[in-house]
1. Hey, among the residues in segment 210-244 that are out of contact with any strand residue (DSSP E or B) (no Cβ under 9 Å at 6 or more places or on another chain) and closer than 18 Å to I91 by Cα, which one's surrounded by the most Cβ atoms within 10 Å (Cβ to Cβ)?
2. Looking only at segment 212-238, how many residues end up being in contact with an Asp or Glu (Cβ under 9 Å, 6 or more places away or on another chain) and of a type in the set (G, A, S)?
3. Please enumerate the residues belonging to segment 347-384 that are in contact with a strand residue (DSSP E or B) (Cβ under 8 Å, 6 or more places away or on another chain), among the charged types (D, E, K, R) and not in a loop (DSSP other than H, G, I, E, B).
4. Could we say that E267 is acidic (D, E) and either at pLDDT below 85 or more than 60 Å from the chain's Cα centre (by Cα) (or both) here?
5. Name the one entry in A194, A221, A240, A183 that is in the same structural domain as V104 (by TED's automatic domain parsing) and either more than 30 Å from L322 (Cβ to Cβ) or at pLDDT below 90 (or both).
6. For T317, state whether it is in contact with a Lys or Arg (Cβ under 6 Å, 6 or more places away or on another chain), at negative phi and not aliphatic (A, V, I, L, M).
7. Hey, any hits in segment 292-307 for a residue that's loosely packed, with under 15 Cβ neighbours inside 10 Å, free of Cβ contacts under 8 Å to residues at least 24 places away in the same chain, assigned to a strand (DSSP E or B) and not hydroxyl-bearing (S, T, Y)?
8. Consider only pairs whose beta carbons are under 8 Å apart and that are at least six residues apart or on different chains; among these, list those whose first residue lies in segment 147-172 and is in contact (Cβ under 8 Å) with a residue 40 or more places away in the chain and whose second residue is charged (D, E, K, R) and in a helix (DSSP H, G or I).
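The values are calculated or read from the model by the stated rules, or taken from the named source; none is laboratory data. Everything numeric in this text was worked out from a predicted model, so none of it was measured. Cβ placement follows ideal geometry from the backbone for every residue including glycine, while neighbour counts extend to all protein chains displayed.
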Amino acid sequence: MLAKGIGRLHCATACVGHNRSMTFTRTRLIWMAVVLIGMAVLLWSALRGQAVEVVVVTQGPMVQSVVTAGRIVMVARNDIAAQSSARIDAILVREGDQVQANQVLVRLRDDEAVANLAQSRAAVAEARARIRQIATVQEPVSAQQLKQAIAADAQAAQELTRSQDLVKKGFISQSRLDDAQRAALSSAAAVLAARAQAQGNQGGGAEAAVAQTRLEQAMAAEKAAATRLDQLSLRAPVAATVIARAADPGDMAQPGRSILTLVSGDETRIAASVDEKNLQYVKLGQAARATADAYPDRTLAATLTYIAPAVDAQRGTVDLKLRVNKSPDFLRPDMTVSVEIITAQEPKAVKLPTDAVRRDANGASFVLVNRDGRAQRLVVTTGLRGIGTTQIVKGLVAGDRVILPTASVEEGARVRERAEHTLPSGAQPAATAKP
């Protein structure tokens, strides 16, 4: 029995060893299978190539432009202000009113000016009456006085001659002759005085000239008073629109302080600015498209007419002015608009996304393309640049499949396409800038 027990123990020990050996062999086989499968997968992946995203190069029209924001500016902008201090009696218009040239917009207090004008007009009337008095009264009276003086002088001369004869004959004394001589001298002086008076009262004479000068002075004073009164009625210089009102009746108007602001529609401009890095693209005379933020579906045609000669150092921008070719009726002063300045156009541009263009250490542009499942490096020459789009002048043709740099791919590596991107056709703006 002891022998049978020993035999059974030996058999059990041998069975356990055999089971352990079989388990170890099975585990090893499983791990070897996993490793072989992994190696097969790696080999299959290597043969298949690295997954990459590609973009198909397209050809079509491309527009390079600079996009910015601006505001509508009316060229004819007028501030209505008083030329002297005065109280405002009435403002006859409101914001938004259309006014005509020479229309009275504001009336200032004019009591003193009206009185001064009346006084100056009375002075003019007095000066004219003085001229009429000289012509109708003084001139004929002085002429008659001259005739009387001439007659009296002739009589005095005759009396002197007679007295001289009588003195020689001894009929009268020397004193009578002296009296006759004095009378003759006096009458001669009276003739001279009467003649001078008559000449002065004639047309072109001294009295008439003085009267005419006084009339001219009075008329000048009247004109000054009328101008002063007219200045108290503020008028529209041209047909325009009232866009702002800064005072009310009863306020004191001050010289140079605006009461109303007017704009006319003779010419409309857009004031904008671009970042200085885009200065190389803009040139005078370039066409532009603008859209008002309030009317996004309505496009304005404009022309670039002014580029500031200096850069704003604080903002790093360059001021621009554009003329709106035909101003529509919906535009308002200071309205915000988006402006796209067309800087270049190419009807058949070969293009691809800008982020597909790579640069080497020297700054040269190149791309990686999928050539029969391998990444091939091609040096390219770029042209127009847009937002997210670049023109390829040399190195690619339409239909080439350019590898995007979303994964690290070396030249010559096997690749397989995971996704394909197509470039939308049409215009692409070059850059954006805020004024």
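1. Step one: of segment 210-244, the residues out of contact with any strand residue (DSSP E or B) (no Cβ under 9 Å at 6 or more places or on another chain) are 210-230.
Those still in the list that are closer than 18 Å to I91 by Cα too: 229-230.
On the way: L229: 17, D230: 14.
Restricting to residues being out of contact with any strand residue (DSSP E or B) (no Cβ under 9 Å at 6 or more places or on another chain) and closer than 18 Å to I91 by Cα, the top hit is L229.
2. Total meeting the criteria: 2.
3. Going residue by residue through segment 347-384, those that are in contact with a strand residue (DSSP E or B) (Cβ under 8 Å, 6 or more places away or on another chain) are 347-354, 356-360, 364-370, 373-384.
After this cut, where a residue has to be among the charged types (D, E, K, R) as well, the list is 348, 351, 358-360, 374, 377.
Residues satisfying the conditions are K348, K351, R358, R359, R374, R377.
4. Values: acidic (D, E): yes; either at pLDDT below 85 or more than 60 Å from the chain's Cα centre (by Cα) (or both): yes.
Criteria met by E267.
5. Working: A194 fails: in the same structural domain as V104 (by TED's automatic domain parsing); A221 fails: in the same structural domain as V104 (by TED's automatic domain parsing); A183 fails: in the same structural domain as V104 (by TED's automatic domain parsing).
Residue meeting the stated conditions: A240.
6. Numbers: in contact with a Lys or Arg (Cβ under 6 Å, 6 or more places away or on another chain): no; at negative phi: yes; not aliphatic (A, V, I, L, M): yes.
Against the criterion (in contact with a Lys or Arg (Cβ under 6 Å, 6 or more places away or on another chain), at negative phi and not aliphatic (A, V, I, L, M)), T317 does not qualify.
7. Yes.
8. Going by the 8 Å Cβ cut-off, the qualifying pairs are A149/R195.
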